[in-house]
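Below is one structure, written out as structure tokens; the observations come after it.
None of the figures in this text is laboratory data; all of them are computed from the coordinates on show. Every value quoted in this text rests on a predicted model; they were computed, and no experiment measured them. As a convention, Cβ positions derive from the backbone with ideal geometry for all residues, glycine included, and neighbour counts pool all protein chains shown.
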Amino acid sequence: MPIPKAELHLHIEGTLEPELAFALAARNGVPLPYADTDALREAYQFSDLQSFLNLYYELMAVLRTEDDFADLADAYLARAAAQGVRHAEIFFDPQAHISRGVGIGTVVEGLGRALDRSEAVHGISTQLIMCFLRDESAESAMETLQAAKPYLGRIVGVGLDSAEVGHPPVKFREVYEAAAALGLRRVAHAGEEGPPSYITEALDVLGVERIDHGLRCVEDPELVARLVRDQVPLTLCPLSNVRLRTVDVLEEHPLPAMLDAGLLCTVNSDDPAYFGGYVEDNFLAVREALGLSPDRLRDLARNSFLASFLDDDEERRAR
Ligand code: ADE
Ligand code: ZN
């Protein structure tokens, strides 16, 4: 039985498996430039974050209706349940849909349908986090936040994703201030490909509570000391790091050293349809490659609940 855990770094669009992509393409009459699922899988060879993002955005063309988003989330939740997930804080990328003429209402209502039945059907409590695309303008992010206003009852917080280098957190200062004023929780991808200074900036300028990835903090001992002191959660995604070549091989992943340093690390799947595994697959992979002890794996699972947005009572129930 997989250990019970929370998943805190999961892009719902990154759970689009090739089989579902082809089914939705057929349902919506959207042409895909791949002969079949095998040909699509063969395209999953990434040299860096951008090479992955190109395919990730391209395949989103098949997501058009509320039903599509409900089917996508249902499929993820079924897989997550089998991987021991009891609570999921799920990212989505509204701008990547709005730009294709798919409104944020379609996305949120569709996802919401699957999330509403998730506790009863899959035993997983859920929350939604809307991410801003950092390679789009701050104005576009602000417009997206405005467009989300009718749906804020379903959205717990905001995040920041997409191409990191050259798009520092400070670009989104006003958007995060506005999100905070609306009572939204704040997280941001930082230190995946970008420098450790982006992590510091996300904390100081955006006021984030968690750092998504945060891997490159290890290059800055003062930053590590701060993250340890303040127990800032880091949502690491080991298989993603290997596939996007931010670490060469899993055996060289800094996770053990990060845990030894006292960092509040969690293990997550990021975009599991593209990176070769869901969250328990990530746990098993780091256990094998890094020789993590059962105690360490239990620490990671406990950290996932500690770092979640659940309150203490909800946390106890979820575990
Ligand atoms: N969007 C989806 N997955 C992402 C990742 N790993 N980094 C940045 N943006 C993303
Ligand atoms: Zn991510």
What distance in nm separates the two pseudo spin-label positions at Ser140 and Arg27, each 7 Å out from Cα along the beta-carbon direction? 2.7 nm
Distribution output for the chain: share of Cα-Cα pairs per 10 Å bin in percent, first bin at 0, values 6, 29, 38, 23, 4, 0
By how many nm would the segment from Asp67 to Glu314 lengthen if fully extended, with 0.36 nm per residue of separation less the alpha-carbon distance? 86.0 nm
In Hz, Karplus ³J(HN,Hα) per residue of the stretch 64-70 (6.51, -1.76, 1.60; θ = phi - 60°; x = Gly, Pro): 10, 10, 4, 4, 4, 5, 5
Step through the residues of the stretch 197-209 one at a time and calculate ³J(HN,Hα) from phi using the Karplus curve (6.51 cos²θ - 1.76 cosθ + 1.60, θ = phi - 60°), rounding each to whole Hz and writing x for Gly and Pro. 4, 5, 5, 4, 5, 4, 6, 7, 9, 8, x, 6, 8
How would you rank Val62, Val249, Val156, going from fewest to most other Cβ atoms within 10 Å of each one's own Cβ? Val249, Val156, Val62
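Using Cβ contacts closer than 10 Å as the measure, can you line up Lys5, Lys171, Lys149 from fewest to most?
If I rank by nearby Cβ atoms, fewest first, I get Lys149, Lys171, Lys5.
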Long-range amide H contacts for Arg210: which residues qualify at under 5 Å (H placed 1.01 Å from N, peptide plane, sequence gap of 5 or more or a different chain)? Ala188
Listed with the fewest Cβ neighbours within 10 Å leading, Met1, Met130, Met258 appear as Met1, Met258, Met130
List the residues whose amide H sits under 5 Å from the amide H of Leu16, counting only those 5 or more places along or on another chain, with H placed 1.01 Å from N in the peptide plane. Ala273
